[in-house]
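Working notes, beginning with the structure itself.
No value in this document is a laboratory result; all are computed from the given coordinates. Please read these numbers as outputs of a predicted model, since none were measured by experiment. Here Cβ is always computed from backbone atoms with ideal geometry, including for glycine, and neighbour counts include all displayed protein chains.
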Amino acid sequence: MNARVIDGKAFAARLTQDIAQAAGDLAARTGTRPGLGVVLVGEDAASQVYVRTKTRQAEACGFHSVQADLAADASQAEILAQVEALNADPAIHGILVQLPLPKGIDADRVTQAVRAEKDVDGFHYLNIGRLGAGKQDQAFVPCTPAGCMMLLRDALGADLSGRHAVILGRSNIVGKPMAQLLLAANCTVTIAHSRSADLPALCRGADILVAAVGRPELVRRDWIKPGAVVIDVGINRVASGDKSRLVGDVAYDEAAAQAQAITPVPGGVGPMTIACLLLNTLRAAHRHLNLPDPA
Ligand code: NDP
């Protein structure tokens, strides 16, 4: 079998176009542009790239965007004050605090300080609770799993009922919300993690396999049920001669020989995460105006 490549980059580009169109419609109708506020603390190179990409894409969609840069030695109080300023700013509908935060900062306190209705990362306990309670339509869903669901439905059709989904990884950002979304989509869900026994056997039972562990090419050919759909969330930088390259949590060539469809790394889940952040911000602006979510 030679798996279909699930082109997340192209999907995200189409979604971003639709978001730009909807943002333009909203501005024409109400005079309001969706507003995204980003807090970046310190000089971590990868975080700077992520933040630049997010703000640039927000602006390309016609959003209002504000970026607050704080020094690496900023105190917790200074970071919280910045979050409060964005909470109070009526032109800002979505706030994201770029993680990781420097050592010594209580990241939970900072992410929980973002008002739930501006929490476009979906990290606030209210949004986590709504998702867990099956009130997805009232929540902000974390961007990476939301993007994975779109790619899965693109590959398998809207109805995922009855499929066995196995998720490798149980982080609050990816694994757990992914499990909630698949459960809400009527899948039978298994969550595996570093203490799970016999991962290969668990994975071989999966019609849908989502890998989010941060271990380069952990998932091998014989872990994959023939005909499965594989979503590789992992982004791992590995040495390659004098340079480095990005690989996922799945050994791509091996998996592609077994699977029906698979996301590449890069160009799979990554671009969807940013598009879903913009979508959540667009939704936040609609909710702020008491308008229904855009289709
Ligand atoms: P975390 O480190 O927070 O969580 C990793 C999870 O994987 C944990 O639940 C851990 O188990 C589990 N795990 C680690 N090693 C193994 C192993 N050998 N076998 C089984 N399970 C294991 O990572 P994240 O969820 O934040 O991210 C996962 C990956 O996805 C990373 O590569 C990250 O870079 C990438 N990522 C990509 C995004 C994108 O936009 N494409 C966005 C977010 C993340 P335990 O709980 O027992 O420790």
Checklist line | Computed Kirkwood radius, in angstrom, where 1/r is averaged over Cα pairs of the range 156-203 | finding: 11.1
Next item on the list: Treat each spin label as a single point 7 Å out from the Cα along the C-beta direction, and report the A27 to A77 distance in nm.
Entry: 3.9
Margin query: Can you list residues from other chains, or at least 5 along the same chain, whose modelled amide H is less than 5 Å from the amide H of V41?
Written below: L70, Q98
Next item on the list: Specify the angular offset, from 0 to 90 degrees and rounded to the nearest 10, of the alpha carbon long axis of helix 269-288 from the longest principal axis of the alpha carbons in the chain.
Entry: 40
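What does the helix-only formula give at 222 nm for the chain: each DSSP H stretch with n ≥ 4 adding -39500 (n - 2.57), the total divided by the residues, and the result rounded to the nearest 500 deg cm²/dmol?
On the way: 10 runs with 122 residues, N = 295.
Calculated mean residue ellipticity at 222 nm is -13000 deg cm²/dmol.
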Note to self: With equal scatterers on the alpha carbons only and no solvent term, can you work out the Debye log10 of I(q)/I(0) for the range 75-127 at 0.22 1/Å?
What the structure shows: -0.77
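Would you mind checking K54/K103; K9/K176; K54/K225; K176/K243; K135/K176 for any pair whose Cα atoms are more than 26 angstrom apart?
On the way: K54/K103 24 Å; K9/K176 24 Å; K54/K225 36 Å; K176/K243 34 Å; K135/K176 16 Å.
From K54/K103; K9/K176; K54/K225; K176/K243; K135/K176, over 26 Å: K54/K225; K176/K243.
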Next item on the list: Note the angle between two axes, namely the Cα long axis of helix 8-30 and the longest principal axis of the Cα atoms of the chain, as a number of degrees from 0 to 90, rounded to the nearest 10.
Entry: 30
Notebook entry, point to check: Which three extents, in whole angstrom, do the alpha-carbon atoms of the range 161-273 cover along their principal axes, largest first?
Noted result: 46, 28, 27
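Decide, for the range 36-90, between rounded, prolate and oblate: order the square roots of the alpha carbon gyration tensor eigenvalues as a ≥ b ≥ c, take rounded if a/c falls under 1.5, and otherwise choose prolate if a/b is larger than b/c, else oblate. Could you put the intermediate results ahead of the total?
On the way: a/c = 4.11, a/b = 1.21, b/c = 3.39.
Judged from the Cα gyration tensor, the range 36-90 comes out oblate (a/c at least 1.5, b/c at or above a/b).
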Notebook entry, point to check: For the residue pair Q48 and L156, what label-to-label distance in nm results when each label sits 7 Å from Cα along the Cα-to-beta-carbon direction?
Noted result: 4.1
Note to self: In the chain, if the dipole is taken from +1 on Lys/Arg beta carbons and -1 on Asp/Glu beta carbons about the Cα centre, which of A77, Q258, G8 is farthest to the positive end?
What the structure shows: Q258
Notebook entry, point to check: Which three lengths, in whole Å and largest first, does the chain cover when its Cα atoms are put on their principal axes?
Noted result: 52, 42, 35
Margin query: Looking only at the chain, where both bridge partners belong to it, what percent of the DSSP beta bridges are antiparallel (to the nearest 5)?
Written below: 15
Item checked: Ratio of Rg to Rh over the range 1-150 (Cα coordinates, Kirkwood Rh, two decimals) -> 0.99
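Can you check what the net charge comes to around G205, using other residues whose Cβ is under 14 Å from the Cβ of G205 (Lys, Arg +1; Asp, Glu -1)?
Details: positive: R163, R204, K225; negative: D198, D207, D222.
Around G205, the charge tally is 0.
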Margin query: Multiplying the sequence separation of L289 and A239 by 0.36 nm and subtracting their Cα-Cα distance, what value in nm do you get?
Written below: 13.1 nm
